[in-house]
Amino acid sequence: MKFLLMLILSIFMIPFSISSAQSSSFSIPGPNGNLSGILNTPDNISEFPLVILSHGFTSSKESDVIVAVDKALTSLGIATIRFDFDGHGESDGDFQFMTVPKEIEDLKTIYKYATSIEGVTSISLLGHSQGGVVTSMVAGDLGKKKIKSVVLMAPAAILREDAIRGNTQGAIYDPLDPPEYVELEKRGKTLKLGRDYIKTAFDLPIYETAEGYRGDVCIIHGTGDRVVPYTVALHYQHIYRNPELHLIPREDHGFSNDIDGAAKIAAEFLSRHLK
């Protein structure tokens, strides 16, 4: 009996297996120059779902949130693509000329590339911050026949209101007559946010486009987010059909209090709706 008990305990103490993945970098032509990305596919699996991960404003494919979600998904045997929008990271382009409509076209280019990958059975989208806005609008454009499921992490739909007020993350301007560019201080760097970004954001149909998506949606937002208030998540909740909403108490915009916990919520939702 003692031997049997020890055997049972030893079985339960064996760690859960974590799927390994093959990682490869790619660069493909985009609407505004080459787009740089990383593709992770599960080992020893011939068919698999894939999730495209979109980073936020002034960020990159190496952002803490995107990397954490990437790791959580690949551990579950789900393929991923994380990439840099034009003017960010290793992709071509100049940040000054970046706009949300251009990022929408970038994501659609990555989607088209993903459809050409051998073994992909379905494609889902996940976006953080401005990448969440882009994700929601692309999903609304393409529909649930092309996009299996969607996750929005602190989606920054407030960017339209920011442009109308003439205040984008502390940069003040006349929204009716914006200058050639305004300067932003980000991570010790001075970035130029161009006139086209402000003009296109001013009347960007974010929710109007996003509500065209009728598939499975998960929204994750922190109630302590001072960059994008969690009321934006509540607005998204109202335009979708039975979305899964996670409001994380006191969490900030980058989910820095428990980034792995936020990534786990996203990965588990996608795993349930992909397999």
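The values are calculated or read from the model by the stated rules, or taken from the named source; none is laboratory data. Model, not experiment: these values are computed from the prediction. Please note: Cβ atoms are built from the backbone with ideal geometry, for glycine as well, and neighbour counts cover all protein chains shown.
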Subset of region 137-146 (residues that are under 17 Å from ASP106 (Cβ atoms) and either in contact with a strand residue (DSSP E or B) (Cβ under 6 Å, 6 or more places away or on another chain) or free of Cβ contacts under 8 Å to residues at least 12 places away in the same chain (or both)):
ALA139
Residue check: is SER91 out of contact with any Cys (no Cβ under 7 Å at 6 or more places or on another chain), more than 25 Å from GLU244 (Cβ to Cβ) and either touching a residue at least 24 places away in the same chain (Cβ under 8 Å) or among the polar types (S, T, N, Q) (or both)?
yes
Condition first: surrounded by fewer than 19 Cβ atoms within 10 Å (Cβ to Cβ), under 20 Å from ARG160 (Cα atoms), more than 14 Å from the chain's Cα centre (by Cα) and at pLDDT 95 or above. Can you find one or more residues in region 98-117 that meet it?
yes
Give just the number: which of (1) of a type outside the set (Asp, Glu); (2) modelled with pLDDT under 95; (3) surrounded by 11 or more Cβ atoms within 10 Å (Cβ to Cβ) does ASN34 not satisfy?
(2)
Options THR190, THR209: the member that is polar (S, T, N, Q), in a helix (DSSP H, G or I) and surrounded by fewer than 20 Cβ atoms within 10 Å (Cβ to Cβ):
THR209
If I ask for residues that are surrounded by 15 or more Cβ atoms within 10 Å (Cβ to Cβ) and modelled with pLDDT under 95, which ones from region 14-30 would you list?
SER19, ALA21
In region 58-65, is there at least one residue being assigned to a loop (DSSP other than H, G, I, E, B), loosely packed, with under 12 Cβ neighbours inside 10 Å and either modelled with pLDDT under 95 or on the phi > 0 side of the Ramachandran plot (or both)?
no
So ASP174, is it surrounded by 18 or more Cβ atoms within 10 Å (Cβ to Cβ), on the phi < 0 side of the Ramachandran plot and of a type in the set (Asp, Glu)
no
Is it fair to say LYS102 is among the charged types (D, E, K, R), assigned to a helix (DSSP H, G or I) and in contact (Cβ under 8 Å) with a residue 60 or more places away in the chain?
yes
Within region 75-111, work out how many residues are under 16 Å from VAL133 (Cα atoms), touching a Ser or Thr at 6+ places or on another chain (Cβ under 6 Å) and among the acidic types (Asp, Glu).
1
What number of residues within region 225-254 are assigned to a loop (DSSP other than H, G, I, E, B) and under 20 Å from HIS55 (Cα atoms)?
10
Those residues of region 21-57 which are over 25 Å from VAL133 (Cα atoms), in contact (Cβ under 8 Å) with a residue 24 or more places away in the chain and not in a strand (DSSP E or B), in sequence order
ASP43, ILE45, SER46, GLU47
Could you give every pair whose Cβ atoms fall below 8 Å, whose first residue belongs to region 107-121 and is under 16 Å from ASN34 (Cβ atoms) and touching a residue at least 24 places away in the same chain (Cβ under 8 Å), and whose second residue is among the β-branched types (Val, Ile, Thr) and part of a helix (DSSP H, G or I), counting only separations of at least 6 or pairs across chains?
LEU107/VAL134; LEU107/THR135; LEU107/VAL138; LYS108/VAL138
Have a look at ALA163, ALA79 and point out the one that is touching a Pro at 6+ places or on another chain (Cβ under 9 Å), farther than 23 Å from ALA262 by Cβ, surrounded by 18 or more Cβ atoms within 10 Å (Cβ to Cβ) and not aromatic (Phe, Trp, Tyr).
ALA163
